[in-house]
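> Before I ask anything, here is the structure I am working with.
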2 protein chains.
Amino acid sequence: MRERELITLLREIFKPSDRLANELRVGIGDDAAVFAPGKSLVATSTDVLTEGVHFNRTWSDAKTIGRKAAIANLADIFAMGMRPNFLLVSATIENFDDGTLLEIAQGIQLEVERVGAQVIGGDLSSGQGLTLSITSFGEGDRSVRRSDAKPGDDLYLTRLPGRSLLGLTQLNKGIRINPESVNFHLIPECDWATFEKAGEIATAMIDISDGVAKDGLEIAQASGVCLEIESELLFEHPDFPPVAKLASELGLEALETILSSGEEHTPLFTASPSDRSLVESFAHRVGGVTGDRAGEILLDGAPLKVEGFDHFS
Amino acid sequence: MRERELITLLREIFKPSDRLANELRVGIGDDAAVFAPGKSLVATSTDVLTEGVHFNRTWSDAKTIGRKAAIANLADIFAMGMRPNFLLVSATIENFDDGTLLEIAQGIQLEVERVGAQVIGGDLSSGQGLTLSITSFGEGDRSVRRSDAKPGDDLYLTRLPGRSLLGLTQLNKGIRINPESVNFHLIPECDWATFEKAGEIATAMIDISDGVAKDGLEIAQASGVCLEIESELLFEHPDFPPVAKLASELGLEALETILSSGEEHTPLFTASPSDRSLVESFAHRVGGVTGDRAGEILLDGAPLKVEGFDHFS
């Protein structure tokens, strides 16, 4: 069963509560869920990371694992256009290894402090392998959903994706011709200030965790629109030359690398054309939104093969 | 390293954020953390359950595992005197088994619906063994902490603990002389209405997950008081005769069973003596709070051996 079908079944099981209909603003199926206790909005998102699936202890030390896990979770809150405040951290560790746990905690704290947030609880248990679960809570005046892209909107990236896949490819091959991209795969450091700027102006937004093609399809389907990416606009991105060069050295196709690289934790978002001059001060237009072919993502007019990073197998 | 020491170290790593000092009401170390977005209070608590530690698939079907996990998590919110509204559910499953996952979800939903709450998100991953992680969010006008018991308060139980340990003992021995307690160990069904009543009046409260002795010590230490339990008051509890009889049949000592049985998910709480007649309409006084011997829990004046269920090993 594919993840999407399974989530559909889970949505049927986890029925909405009539009592909470007014308070729930965003339920299952976005970067984070959002509810409104009183007048404020609270976003919450949880990630589970397991050894061998999300990280490899021969590649990453414990502190690095903690940093990456925190970044991935914080990105979900920024992707709702909200600010992360509090986090819960849980872990299960085989043959309970306190040293490893404390190093993971230090890595998490390093990233949490960078955004001025705070870990306020969690749970610890022994268990098979190492599993890390992080839940974050964000607050804000509005939330940016996946489902509000409008025909006529522009489509933007800030940083050009690709480095994570280029780093992973080197790790898989046991080579290290570009340490910067290897390090980026292990710790995808984010420009949160730019992520926040995108959140202030975006009509729809998603955190790139599974790749532009896959995550863009989420926006297209949730909004009932078509996302059209133009390769020429990607070529004009200042990061394109180094990404293309390294892809070529590793035997990868540049555009495919850019559009399928996961765990990038940079925003893909849409914005009104009336905001173009403002948005172009910190982001790069890579295409637009149309009303035809709703639910599709196209590259130069042809359907984009949706391949990406899938943690679910 | 004991869990307590480890949590102390984690508290040092996970530093408070100055920015959030006004908003955070209860941090690490209570049943749930509480923050205040706007004017309302939000409680949040997370539990991780792993196969072989918290449940045993030869004893429990998947739906039962889901029910028990949900109950344990909801109890943490009720133990703050607050009402659970929303939940996040995450799971890692080896050789991803969709059927098992959906049955777990159905079990969770059954318990979630009972309290009028709603699952609003989560995360799925493959991983070693089965790990389930549930985070719940509660709301309320005030939160009841562990740390506010005052000398002179009364100490109360609602239901008498014991059945969970009696059920577990039968499961471990491969016998089933009392199916009701076996079922209770597998699905510790709660009287949430009574839990809520306790929350409205308690000065300090804890969910009994590790046993009265261990959880009572948490109140004693957090409040800087001594909890004094009187065995005569326990003997007068209407549930005492059946619990004592079954304990004897299983070769267990009755008082030890009552005071060490974990996963009970019933409140242990303190209340002002001025509320005694009101509280005694739904709860049983089992002792009191004194200012001497702060941080201790006594049974008939003697230090209580603190043994209990420990998920952390």
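> Under 20 Å Cα-Cα from B:Lys39, which aspartates and glutamates qualify once same-chain neighbours fewer than 8 residues away are excluded?
A:Glu23, A:Glu139, A:Asp141, B:Asp18, B:Glu23, B:Glu139, B:Asp141, B:Glu200
> Related question: Determine, at each q value in 0.14, 0.15, 0.19 (inverse angstroms), the log₁₀ of I(q)/I(0) that the Debye formula gives when each Cα of the stretch B:235-313 is one equal point scatterer.
Ignoring solvent entirely, the Cα scatterers give -0.62, -0.71, -1.10.
> What lysines sit close enough to B:Lys214 to cross-link, taking a C-alpha to C-alpha distance under 27 Å and skipping anything fewer than 8 places away on the same chain?
List returned: B:Lys15, B:Lys68, B:Lys150, B:Lys173, B:Lys197, B:Lys245, B:Lys305.
> Same structure, new question: I need the inter-copy label distances for A:Ser281: point set 7 Å along Cα to C-beta, values in nm with one decimal, smallest first.
Distances between equivalent label points, in nm: 6.3.
> At A:Phe235, with labels set 7 Å past Cα in the Cβ direction, how many nm apart are the copies from this one, shortest first?
Spacings between copies for this position, smallest first, are 9.2 nm.
> State whether chain A is rounded, prolate or oblate according to the following rule on the C-alpha gyration tensor (a ≥ b ≥ c being the square roots of its eigenvalues): a/c under 1.5 gives rounded; otherwise a/b larger than b/c gives prolate, and the remaining case gives oblate.
Verdict is oblate for chain A.
> Then there is this: Per-residue mean of other chain beta-carbon atoms within 10 angstrom of the beta-carbon, peptide A:130-140?
That average works out to 5.
> Right, here's the next one. Taking the Cα atoms of the stretch B:3-140, report the difference between the largest and smallest coordinate on each principal axis, in whole Å and largest first.
Answer, in whole Å and largest first: 46, 35, 22 Å.
> Okay, moving on. For the stretch B:125-213, what does the equivalent ellipsoid look like in terms of its semi-axes, each the square root of 5 times an eigenvalue of the Cα gyration tensor, given largest first in whole Å?
Taking √(5λ) for each Cα gyration eigenvalue gives 29, 21, 12 Å.
> For the protein assembly as shown, what does -39500 (n - 2.57) per DSSP helix run (n ≥ 4), summed and divided by total residues, give at 222 nm, in deg cm²/dmol to the nearest 500?
-10500 deg cm²/dmol
> Something else now. In Å, what is the Rg of the alpha-carbon atoms in the protein assembly as shown, and how long is Dmax?
Spelled out, the Cα radius of gyration and Dmax of the protein assembly as shown are 25.8, 83 Å.
> Another question, then. On each of the three principal axes of the Cα atoms of the stretch B:154-303, give max minus min coordinate, whole Å, ordered largest first.
Cα spread of the stretch B:154-303 along its principal axes, largest to smallest: 45, 33, 25 Å.
> Given bins 10 angstrom wide, list per bin the percent of all Cα-Cα distances in the stretch B:25-83, short to long.
With a bin width of 10 Å, the distribution comes to 22, 41, 25, 11, 1.
> Oh, and also: Could you give the nm distance between label points at A:Lys245 and B:Thr58, where each point is 7 Å from its Cα heading toward the beta carbon?
6.2
> Further question: Which distances in nm, rounded to one decimal and ordered from shortest, link the label point of B:Gly174 to the equivalent label points in the other identical copies, with labels set 7 Å from Cα toward Cβ?
Result, one decimal in nm: 4.8.
> Right, next: Once you put a point 7 Å from the Cα of B:Ser281 and another 7 Å from the Cα of A:Arg293, both along the Cβ direction, what distance in nm separates them?
In this crude spin-label approximation the distance works out to 6.8 nm.
> Treat the count of other C-beta atoms within 10 Å as a stand-in for reagent exposure and order A:Ser274, B:Ser17 from fewest to most.
Ordered by Cβ neighbours within 10 Å, fewest first: A:Ser274, B:Ser17.
> From the gyration tensor of the Cα coordinates in the stretch B:72-178, what semi-axes in whole Å does the equivalent ellipsoid have, largest first, with each one equal to sqrt(5λ)?
Equivalent ellipsoid semi-axes, largest first: 30, 24, 12 Å.
> For B:Ile7 and B:Asp300 in the same chain, what is the full-extension length gain: residue separation times 0.36 nm, less their Cα-Cα distance, in nm?
Going from the current span to full extension adds 102.4 nm.
> Mind giving me the nanometre distance, one decimal, between the label points for A:Asp98 and B:Arg176, set 7 Å out from Cα along Cα→Cβ?
In this crude label model, A:Asp98 to B:Arg176 measures out at 4.1 nm.
> In a Gaussian network model over chain B where Cα atoms closer than 10 Å are linked, find which of B:Ser90, B:Ser125, B:Ser164 has the largest mean-square fluctuation.
Most flexible of the set in this elastic network: B:Ser125.
> What's the average, rounded to a whole number, of partner chain beta-carbon atoms within 10 Å of each residue's beta-carbon in B:16-23?
Going residue by residue through B:16-23 and averaging, the value is 4.
Any read-out appearing in this document is the output of simple, stated calculations on the displayed coordinates, not a laboratory observation. Every value quoted in this text rests on a predicted model; they were computed, and no experiment measured them. Here the Cβ is made from the backbone with ideal geometry for all residues, glycine too, and neighbour counts use every protein chain on show.
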